[in-house]
Structure formats: structure tokens, C-alpha cells
1. Once you've got the Cα coordinates, tell me which of B:K171/B:K228; B:K141/B:K283; B:K257/B:K350; A:K66/B:K644; B:K41/B:K127; B:K397/B:K420 are over 22 Å apart.
2. Can you divide the C-alpha Rg of the range A:2-120 by 2.2 N^0.38 Å and report the result to two decimal places?
3. At 4 °C and 1.567 mPa s, what whole-number value in µm²/s does Stokes-Einstein give for the translational diffusion of the range A:124-267, with Rh from the Kirkwood sum over Cα pairs?
4. Show me, for the range B:443-448, the HN-Hα J-couplings you get by feeding each phi into the Karplus relation (A = 6.51, B = -1.76, C = 1.60, θ = phi - 60°), rounded to Hz, glycine and proline as x.
5. Quick check: the distance between the Cα centres of the range B:59-76 and the range A:117-153, to the nearest angstrom?
6. Applying 1/(1 + (r/R0)^6) with R0 = 60 Å to the Cβ-Cβ distance of B:R462 and B:K252, what FRET efficiency is obtained, to the nearest 0.05?
7. Translational diffusion coefficient of the protein assembly as shown at 4 °C, 1.567 mPa s, Stokes-Einstein with Kirkwood Rh over Cα pairs, in µm²/s as a whole number.
8. For chain B, give me the percentage of DSSP beta bridges that are antiparallel, rounded to the nearest 5 percent.
Amino acid sequence: MEDLRNKARELLAAKAVQVVVGYGRGTGASRRAVFIQSAAEAGELLFDNACRQNLAVYLMKPEVRKLGKMALVAIPATLRTILQLASENQIQDLELLALVPDASGAVTQLATFAAIEAHVVLQDNDLSAAEKGELQKYEIMGMEQRRQFWEEHFSRCLKCYACRAACPLCYCSRCTVECNQPQWIPVPAHDLGNLEWNIMRAMHLAGRCINCGDCSRACPVGIPLHLLNQKLISEVYTHFNSRSGMAAKADHAMSTFKPNDAEDFIR
Amino acid sequence: MARIGVFVCHCGENISATVDVKKVAEAASRIPGVAHSVEYKYMCSDPGQQMIRNAIREKNLTGVVVAACSPRMHEPTFRRACAEAGLNPFLCEMANIREHCSWVHEKSEATTHKAFDIVRTLVAKVKRNKALLPIKVPVTKTALVLGGGIAGIQASLDIANSGHKVILVEKEPSIGGHMSQLSETFPTLDCSQCILTPRMVEVAQHPNITLHSYSELESMDGFIGNFKVRIRKKARSLDEKLCTGCGLCVQKCPSKKISSEFDAGLGLRPAIYVPFPQAVPNKPVIDREHCTYYRTGKCRLCEKICPTQAIRFDQEDEIIEADIGAVVVATGFDIKHGDFFPEYGYGKYKDVIDGLQFERLASASGPTLGEIRRPSDGQVPQTVVFVACAGSRDPAKGIEYCSKICCMYTAKHAMLYKHKVHHGKPFVFYMDIRAGGKMYEEFVRRAMEEDGVQYIRSRVSRIYERGGKLVVKGADTLLGSRPLEIEADLVVLATAGVAQAGAEQLAQRLHVSFDAHKFYAEAHPKLRPVETNTAGIFLAGACQAPKDIPESVAQASGAAAKVAILFSQSELVREPLIAVVDRQAPPLYSSCVGCFLCQPSCPYQAIEKEEIRDRDGQLIKTIAKVNPGLCQGCGTCVALCRTKSIDIQGFSHEQVYAEVLALLNRGEDNV
Ligand SMILES: Cc1cc2nc3c(=O)[nH]c(=O)nc-3n(C[C@H](O)[C@H](O)[C@H](O)COP(=O)(O)OP(=O)(O)OC[C@H]3O[C@@H](n4cnc5c(N)ncnc54)[C@H](O)[C@@H]3O)c2cc1C
Ligand code: SF4
Ligand code: SF4
Ligand code: SF4
């Protein structure tokens, strides 16, 4: 932890970055994002197992971006997000630093996309064993059961769009749900509108979601949104052998065609 | 407020026999926004069009729906009529109540209902149509012809003679293609070289034609009228300007035992060679794979002998860039080789040969100087079996199509054999004889009746060697499938015509489509046989399907005419039904977030980057931009864009959504 704080002090004092986005004390045992802009504040930084939020979400918030060059305390999903955002032309190389604390508290500083890529290939990017287990339980359900499962969950959706705000890849300046000419998704939080919204959200993340899980954590009514995303992640991986967030320049599963793509579903 | 005019057509009785057109027109008049609704016997007739023009002027219409046939049929007609009355043509839509309704249903209430539903959706759409202007793009008046076979030669000459520049690219050291390998040609038996060589020379001398032989297309970008190509001129190891074509090097080269491609493997050539004496250009090329110097570092005999010091051992491939307005693909075909027929011993027995090899045996310039001598021992074969459909029309071999030329050249081969070996016995094994074409049936009859070629309707099950003879086994299906065996000295397989080995890679470079057998796909099998689906790229010759010389030449002239039509204008006018990226008021500028996931999805490479800058030149945003010259309006990007920032003009989200809603929300405004 001291390592991290020192690193932040050093970077800010040398004006190498203008802001360090990291984790600080939240309510109870939780951790929340802090935006450290001077060496004096660096003591607020914390790092432990409770630090789970994907701070890369702030890369796409104009009010944070405005602060200047950013150093980002990064967990594995954060690094994948950075690469995914780079591949979607949203951030440029050298625009940010990633600070990766390891279990012992030592911090690795990654200054380029290339360095991040080299780091990411070494981490485990697959779904965890627990996630796979949960997904399997979902997959054994029949179609009708799945429909009921989601209808039940979505009936509680408030259309608060917290999932969207928490997702680092939901950065569009005008979300489809806000299009009203035509009005693709009905505004009220009724069953049809909720279903359409949630399906659209998931589909727009197909081949892009880097599996940080923040959508589910943000949802105030506990909808297991991550299940939809993880299902798509595993489909994209099995059919196209593609995983998002692995490289700063990447072919996206949903937008590229390769002559050797599996086409067994087109008849 | 919209003022839509609805014009319901009877199409004689084509529509009115099953649809109650009066009811449809009457119900349409009650749709909100419809200011005028009538029916008429023939809307496309002059009085019909006049009705539309008058209504536009008198009722001040803001949009028109013609409920009639398919827009494929008459959309241009009605759009023109609207334009004549001062209404932007893109404010006119057609409701197809013929192909989509009256022709496919019985007369009934429901049919009339459906016709009205179709009209209603189009009214909902046309209310949201916007006036559009045609798109203009410039045209570079230089054509690229790929492949210098007879098709490429003909296309090049025709385009050049119409006054335009041509760049002809041939991958082999000489132009001429398969025709240069043929002996005599059906159905007239004139000598192939004699009719081909003058055209090859004409190509070489034409002031409008630049020939790049031993070259291949490296890459191509751009769009109709505005292609950019890179051509790889492979190293000939020779300075073409200095070389006089004297041929001394060819005579003196010590490594002479290389199988000749031109003689289909039946003859030999040196490492520095000209494929055949009449080659154009008549300049040798060093085959680096077999050249002693490149193999061992020693020799350079040709360099010493060359009187003009033209040999360049260190020459490298050269890349030539050019701007092109249109492309004619004439890369031809090939025939099936190799171990495709283990049951026929092709590749195993020296005396089982293919059609091209027979052409070389029969050719006066071939390895036997035109005498039919079999490859194994140089003897004149007394019995020759010709096998038609070797591989063609054989789903088990993966080739279900007819190669079209084999029936004819097999008859020719049998005839040529008989003309040269008077006492010889030619047999032809065939499935059916397909001799459609001027003088073709007569030609085959002549082979049978005058030259005594014996035709046996049978497939060949096996060919094997027995006592120095090739035993051909079959079953005569005209004699109750009686099994039969012929002992032959030579067997000629008319192996299936197939696509060139590199056809698929070239198609990807050109972005043209191909069929399951890698033959290039025409835009329409009947009405657009020389166009591809990519605007500005045309097809000629056997690269589209196996075909004979007259057909290849006709298609080549057709393609050339298409190029000349394209080049007859300095600007191209295109329908503006293309994709556009939206623009919004600041601070959004555009709802496009510049993720550029659409870019790789576009099959036509039409999506570019556009920078939005403020008045000081500061970059505000980078967004996608659709190149109007390239976009074909396919809509792939539209489906992909998460923020719905791309719309197809004329088929916008708003329009299509309104159509769907109109169908779903069937209100009280019914028939
Ligand atoms: C055994 C046999 C006998 C025949 N006899 C007759 C006959 O008697 N009468 C008749 O009418 N027809 C006959 N034909 C058919 C005739 O050969 C074809 O109709 C004709 O050759 C087709 O011409 P083409 O220019 O389309 O193709 P090709 O002759 O195949 O020429 C294609 C050219 O393109 C070049 N090329 C290929 N790929 C590329 C590339 N990527 N870049 C640049 N260049 C490329 C090739 O090197 C070649 O020069 C016969 C065919 C065979 C096989
Ligand atoms: S969808 Fe959920 S898990 Fe995926 S990137 Fe967005 S917030 Fe993270
Ligand atoms: S170097 Fe020798 S082998 Fe090679 S082309 Fe010249 S003469 Fe022939
Ligand atoms: S509509 Fe089709 S051709 Fe046009 S830009 Fe979009 S994907 Fe490309």
C-alpha cells in the first residue's frame, strides 16, 4: 500500500500525471474511487481485496478526463478495459498510466499499450471457476425456463441505467435508449420496455464486454446482468476464438469477417 | 403537413382480378395525410403518368405512392414522372401490390386487405422521405485488364480502339492464354496460333495499350471510376529495353531439361526461356528455381553471351501504381490435373493424358511437331480412347456442372487423330453429347460419319495396364449396359474445366464474389452477364465459367462495351441511396462515437475517418464518414452501429420503423 502511495506522490510531484484514480475508503468495509490530484492527498489511497470496481470507467467520463493525464490503479479487468477502449479508438497510447499493485503490495507501472498487452497475456482472462459453474447452471435451463428466468428478473428493472453508468464500455454519447426518432425502446419501466432495454444492453456488449462485473454490482435490484454478458463472452470465444480486451488493435468478433469464420449457422 | 397522393394501378387485370382496387384507393383516401387517392387501368401508360403529374401540380402533393408492380419494374418511370412535375423523385415510392399480392393470392377479401396494408406502410414511409440529390463521382478513363488470354486480348483491343487507355496485366511471361496452346480449333479447324498471333502483336503495338507481362495485381482500393491499383512486375532477370529477343541465351543455357508448362509437361525448355516462339513480348525470362546460377552461384553463361548485356541477375520485383476507372477480369480457367483420377491411372500411366497435352501433340509447334506419338515410347498409337466428362457432371467428384467445351474438343481431337493417323481407331466414351452452337452439331456428326470416330455411350469405370495396352472398361448404355473393354495405346481424358488456382485470392483483392467452384459470379445470370456485383468491375471469358473461344470473345467485347459506356461520361451519376453518418448540434456534433467497429464490417471499404474541428483548427471529435462513391447501400454498417448513427438515405431507421409500426398498428382506417 505504501508503495502505491509513494508511486502516486512521485508521479504527481513530478507532474508526470495530473490525477491518480485509485481506491479509497467507502461506506463500511467498501471501497470507492478517489481522485488524487496532489501528493499531499496520496495517503487516502488504499488497496486490498475489497477494491473491485473497474476504475477504467472514469477514462470515459469527460469530467474526469478534463483533469489531465491520468494514472489508473488497475485490477486485471481494468487493464483489459484499457485495451478494449484503445481498440475502439477511444483512448490513445501514452494518454494514461496503469498502476498494477500485486499481492505483496508492490506496484508495476505500465506506461504504454504494448506494456499493458504484455502484462495482460500473463494474467488469467478466462471466466473464473465460480463464474463457469454459475453459467453452467444457467445453460442447463431450457429455452422456456430461461425466458421465465429473465422475465422475472427484468420485471424488477427500474430503468435507472446504473448498469450503463457503471460499464466502462457504455460510453456512447447518445445511447440508443435515448433515441426517440424512432423510439426504439419504450420509455416506461414496463415488461416489454425492460426486456428490450436489457437485451439491447447485452447485445451491444457482445464481443466487447471485458467481464468486470460492475453492471451486476451496480444494479440496485440485483439483476444478474453478468450472466448475459458471460454467456456472450463464452459464445464469442467458442465460435470465433476471440476474447475482448487482449490487444490495443484487434479485430472485433462482431464486425469482422474472415474467410475461415465458422459459418455453420448460415444455411 | 404531409399531402400524399396514392395512385392504385389495375395493371390491366393483373392486379384488379384479385384485388378490389377501388376499395383500396377509397380506403387510402382516409389515411391521415393522404390528399389524393385514385385508381387507373395502366398507371405506367402516358395518361396514367399524366394523372400523377397533374395531381402533383394541382393538389400540391408532398409525396407519391404508386401501388402497382415491383419497383424493379417501374420505379424509374414513376420517379421520372414526379420529377417532371417538379417533385423530387425520391419522394415517390412504389407499393408492390402485384408481385407481393395479386400474383400470389386468390381473389378474396384478405387479398384486398393485404394490398391495402402494403399501401398503408408505404404511405407511412413516404411521409418521412426526404428530397435527395444524385451523387456525382469523377471517372479515370483508363481500364485495367487482368489476364492476357483471348478474352483479355479482345477486351483490351476493343477498349483501346474506342480511344481509351488500357493496362493489360498477364501473370505469365507471354500473353495468349490457353488458346496459344491449342492446335486447331473447332468447329472450323483453323489453326489456333494463326488466328491468335496477329491479335497478340496488335496488343503489343497498340499505342493505347500498356502491357505488363510476368506481372500480377498486388492490391486494389477505391471504387468505380476511381480505383487505385498496385501491380507487381516480377523480376524477369533481364532488361527488357536492351533485350532484342535474339534468343542466343536460350540456345546456350546449359540447364535445358525443365518440363515445359507451355507443352503441358510433354516437352522441355531451358532455364532462360520464351514460352513459345510467337510469344508477346518476345523476351526471355529466367526461371530462378531451375537456373544453375541461382541454384549453385555459378554459370552466368547467358550474361556472357548476351550481345546487348541485357541479363540482370540482381533485378528485383517492381511495384507499379496506377489510377484506374474500370477493371475487366479475364483470368481464364484451368483444367483438372494430378491425382484426381486414380481409377483412370492419370498421372501414373504416361499414356493417359489430358486434353491440353493432346493439343500439344497435335500442334505443329508441339514436342512431336504435330505427329501423334504417345509419350511413353514415341510410337504412333493405333487405338485411342477419348473420355469425355472426365470429372465433369460428377457430383461424387465435387463437380456437378458441365464443362461445356469438352464434347466439342473431344470430337475435334478424335477427328485430328484420324486425319493424321488414317488407319487409326478413335473411340469416344461419352455421357451425352452437348453440341449446342452454330455448326457444332454438324461438326460432331462429321466426326462420327465422315471420319468414322466410334462413339460409345458409356462412362469409364477403370483404366489399367495389361500387356503394354491400356484397358478401358465401361458399359455401353445404348446396348443394355453391356460391359465392354477396349485395349488402347493412348487415352485422352477431357478433364473438367476448373477455376484458376489463384482465383479466390484475386477475388478477395478485387472484392468480387465467386460461386462454389470459384468461378467469378456475374451480377445477374441473364440480364447482367458481364458485370460483377462490384460496380466498375466486369468479367470476360472462362474466369466466369468454362466457355469456348467465340463465347469468350463475345463476352470480352461486351465487357469492353460496358467499359466504353462508363468512360463515355466524365462524371458518374449514382443513386443517393447510400449510408450517411448523422450530424447533430453541438456539443454532440454527431452521435457517432468513433469506435470504428463499422469500418471492418463494410464489404466495400467505404467507411473513412472524418475529423471535426473548431474554428481554430482544434480537433473536437473523430467520427466515421461514408465515402459516397464506394458505398453500395448494403446496410451492414447500419445494423452494426450501436448508437444508430448511420442511416441509409431512402431507407432510414425512421422510415423503416414507421413502416413496421403501420403494419402492426392496424387502426380503424381499414378497407
Ligand atoms: C483442351 C482444350 C481444347 C480447346 N479447344 C478449343 C477449340 O477448339 N475451340 C474453342 O473455341 N475453344 C477451345 N477451348 C477453350 C478455350 O481454350 C477457351 O475458351 C479460352 O482459352 C478462354 O480464354 P480466356 O482468355 O477466357 O482464358 P485463358 O485462355 O485461360 O487465359 C487466361 C489468361 O489469364 C492469365 N491469368 C490468370 N490469372 C491471372 C492473374 N491473377 N493475373 C494476371 N493474369 C492471369 C493466364 O495466364 C492466361 O494467360 C479448348 C480448351 C481446352 C482445355
Ligand atoms: S457489461 Fe458489465 S461486466 Fe461487461 S464491461 Fe460492462 S460493466 Fe463490465
Ligand atoms: S545463368 Fe546459366 S543456367 Fe541460368 S539462365 Fe543463364 S545460362 Fe541459363
Ligand atoms: S451501407 Fe454497406 S456499403 Fe455503405 S458504408 Fe455501410 S456497410 Fe459500407
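Since every read-out is calculated from the coordinates, none of them should be taken as a lab result. For clarity, every value in this text was computed on a predicted model and none was experimentally measured. Methodologically, a virtual Cβ is constructed for each residue, glycine included, from the backbone with ideal geometry; neighbour enumeration extends over all protein chains shown.
1. On the way: B:K171/B:K228 19 Å; B:K141/B:K283 29 Å; B:K257/B:K350 18 Å; A:K66/B:K644 27 Å; B:K41/B:K127 26 Å; B:K397/B:K420 34 Å.
The pairs that break the limit, which is 22 Å between Cα atoms, are B:K141/B:K283; A:K66/B:K644; B:K41/B:K127; B:K397/B:K420.
2. Relative to the rule-of-thumb radius for its length, the range A:2-120 sits at 0.97.
3. Diffusion coefficient, whole number: 79 µm²/s.
4. After applying 6.51 cos²θ - 1.76 cosθ + 1.60, I find 5, 5, 4, 4, 4, 6 Hz.
5. 52
6. According to the calculation, E is roughly 0.80.
7. Value of D from the Cα-based Kirkwood radius: 38 µm²/s.
8. Restricted to chain B, the bridges split so that about 55 percent are antiparallel.
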